[in-house]
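First the structure, in the form of structure tokens, and then the observations on it.
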Amino acid sequence: MSRVSPGGPMRVVLLNAQTADETLGTYAYVAGCPGIVIYVIGTGTTSSGVITIEEAEWGPESSNYGGTWSPITTVNASDVTGGLQKAIHLPLGEYAYVRTRISTAIGGGGSVTTVLRAS
């Protein structure tokens with residue numbers, strides 16, 4: 001998990017060169033950061049697969065949320081094949097925790113990395 005003061009810039013690698021179905025990325029606490037961008041970066045050939053950007057909320061009495069996270073949007077891994085990257089600007093909102101998840105296995109022999117930038 002990563003945490004940042006409201007309004008402070010942050011960079012968190014959520015997934016690092018992953019391919020397996022249902023791989024969960026690190027989550028980032030982004031409350032107070034209205035500007036959030038998720039970069040999806042491909043390495044090698046990514047001919048199939050889906051990355052889901054998700055959000056959840058929990059209070060200080062818990063160290064993590066064990067339920068189903070809410071999807072924000074998805075990205076096709078084929079969009080970032082051959083070393084391309086795609087920037088996903090999240091809609092302005094009051095987010096708490098954000099993560100990425102490989103919701104369909106990455107095919108083609110390559111992998112994906114996701115990086116969150118927020119301020």
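Among the residues that make up region 30-42, is at least one of them over 30 Å from G108 (Cα atoms), out of contact with any Pro (no Cβ under 8 Å at 6 or more places or on another chain) and not β-branched (V, I, T)?
yes
Please go through region 61-99 and give me each residue that is more than 17 Å from A28 (Cα to Cα), aliphatic (A, V, I, L, M) and at pLDDT below 95, ordered by number.
If the condition is that a residue be more than 17 Å from A28 (Cα to Cα), aliphatic (A, V, I, L, M) and at pLDDT below 95, then no residue fits.
In the set T68, T73, which member is hydroxyl-bearing (S, T, Y) and in contact with a strand residue (DSSP E or B) (Cβ under 7 Å, 6 or more places away or on another chain)?
Step by step, each of T68, T73 is checked, and only T73 is hydroxyl-bearing (S, T, Y) and in contact with a strand residue (DSSP E or B) (Cβ under 7 Å, 6 or more places away or on another chain).
Return the only residue of T46, T52 being crowded, with 20+ Cβ neighbours inside 10 Å, under 21 Å from S111 (Cα atoms) and polar (S, T, N, Q).
T46
Restricting the search to region 100-119, which residues are modelled with pLDDT of 95 or more, assigned to a loop (DSSP other than H, G, I, E, B) and out of contact with any helix residue (DSSP H, G or I) (no Cβ under 8 Å at 6 or more places or on another chain)?
G109, the sole residue that qualifies.
Mind listing whichever residues of region 100-114 are closer than 24 Å to Y29 by Cβ and of a type in the set (A, V, I, L, M, F, W, C)?
Residues satisfying the conditions are I102, V112.
Which fully enclosed strands (runs of 3 or more DSSP E) of region 36-99 have 2 or more residues being in contact (Cβ under 8 Å) with a residue 60 or more places away in the chain and under 23 Å from A17 (Cα atoms)?
Where strands (runs of 3 or more DSSP E) fall fully within region 36-99 and carry at least 2 residues being in contact (Cβ under 8 Å) with a residue 60 or more places away in the chain and under 23 Å from A17 (Cα atoms), they are 36-43, 48-56.
Kindly evaluate A20 against the criterion of being modelled with pLDDT of 95 or more, in a loop (DSSP other than H, G, I, E, B), in contact with a strand residue (DSSP E or B) (Cβ under 8 Å, 6 or more places away or on another chain) and not aromatic (F, W, Y).
yes
The values are calculated or read from the model by the stated rules, or taken from the named source; none is laboratory data. Computed from a predicted structure; not experimentally measured. Cβ coordinates were reconstructed from backbone atoms using ideal geometry, including for glycine residues, and neighbour counts include every protein chain displayed.
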